[in-house]
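What follows is one structure encoded as structure tokens, with my remarks underneath.
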Amino acid sequence: MGIEAAMRILLTNDDGIFAPGLAAIYKQLVKLGEVTVVAPTDSWSGASHSITFAEPLACTKVSIEGLFTGFGVHGSPADCVKLASMQLHEGPIDLVVAGINYGANVGINVYYSGTVAAAMEAAFLRIPSVAMSVAGEDQTDFDAAAEHGIAVLKRLLPLQIGDVMNVNIPLTSQGRPRGVRVVPQATSGFHEYYVPHGTSTGEFVYRLAGGGHRQEKEPADTTTLADGYITITPLKPDMTDHKKVLALKAKLDGELGT
């Protein structure tokens, strides 16, 4: 799949169809091909890979004045990709782009992210995908982030079936990124804690809070992004520990013992 006018792109996100990050990357993606927007009607940040199956999915046409008319789905980002590919999009989809998400999706946050889940759902459906996020701050310049994101996307193409690329853009207030780095996902986590609050009924409620990332032994997405670089981390839907499979097969495969 190359960069051509006929490229069919599905754009979604987890911040909702009215989010400024989605509008910013849409304006860049239309330079590459035909863009269809199918995104949640509300924010699904932190929804991970949840899907709706116990009740029908409601869907409505949504117009963003002067920009696009898309589909607003009362469901998760993964729902949006499934519904678009199976029902809403006419013909095959060449590429799924999820974002631009407000807030980086690096380290263990990859597992919580609805943005990354949308990209991963595309991989399940054999569609190449890119999850795109920008480090969050009060005055995020989404247009600048989109310009950096589309430049990286052009260099990533052509993508293959099953490819999932997680792209994160550093704080836009710091100016132009220092460069691009391909790095693994960090696994050390963040410095998180819960803040308790009392209520008038005597209950306690707890709000998750936290600071920066923990240090990594080797360069990873969290530390590299904090250093001002755009990070690219290839992901895959197969969560199997293949080395452990071989070890366990040698130990456990066979007849059930007593």
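Points to keep in mind about this one:
- Across segment 175-201, the number of residues qualifying as out of contact with any strand residue (DSSP E or B) (no Cβ under 7 Å at 6 or more places or on another chain), under 16 Å from residue 222 (Cβ atoms) and of a type outside the set (Gly, Ala, Ser) comes to 2.
- Residues satisfying the stated conditions in segment 103-162, i.e. of a type outside the set (A, V, I, L, M), open to solvent by less than 20 Å² (accessible area, probe 1.4 Å) and free of Cβ contacts under 8 Å to residues at least 60 places away in the same chain: 103, 129, 133
- Boolean, residue 61 is over 28 Å from residue 239 (Cα atoms), among the charged types (D, E, K, R) and part of a strand (DSSP E or B): yes
- Those residues of segment 26-73 which are without any contact (Cβ under 8 Å) to a residue 12 or more places away in the chain, under 27 Å from residue 152 (Cβ atoms) and open to solvent by 80 Å² or more (accessible area, probe 1.4 Å), in sequence order: 66
Every residue, every condition in (1) part of a loop (DSSP other than H, G, I, E, B); (2) modelled with pLDDT under 95; (3) small (Gly, Ala, Ser), yes or no:
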{"residue": "4", "(1), (2), (3)": "yes, yes, no"}
{"residue": "21", "(1), (2), (3)": "no, no, yes"}
{"residue": "28", "(1), (2), (3)": "no, no, no"}
{"residue": "56", "(1), (2), (3)": "yes, yes, no"}
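- Lone unmet requirement of (1) open to solvent by 50 Å² or more (accessible area, probe 1.4 Å); (2) not in a loop (DSSP other than H, G, I, E, B) for residue 11: (1)
- Pairing residues of segment 81-101 that are more than 21 Å from residue 56 (Cα to Cα) and open to solvent by 40 Å² or more (accessible area, probe 1.4 Å) with residues that are part of a strand (DSSP E or B) and modelled with pLDDT of 95 or more, at Cβ distances under 7 Å and at least 6 apart in sequence or on separate chains, gives 91/8; 92/8.
- For segment 84-114, the set of residues classified as aliphatic (A, V, I, L, M) and either part of a loop (DSSP other than H, G, I, E, B) or in contact with a Leu (Cβ under 6 Å, 6 or more places away or on another chain) (or both) consists of 84, 93, 96, 97, 104, 106, 108, listed by residue number.
The values are calculated or read from the model by the stated rules, or taken from the named source; none is laboratory data. This one's a predicted model, so the numbers in the text were calculated from it and none came from an experiment. Please note: Cβ atoms are built from the backbone with ideal geometry, for glycine as well, and neighbour counts cover all protein chains shown. What goes into the accessible areas is simple: the full protein's heavy atoms, side chains included, and nothing from ligands, DNA or RNA. Shrake-Rupley method; radii C 1.70, N 1.55, O 1.52, S 1.80 Å.
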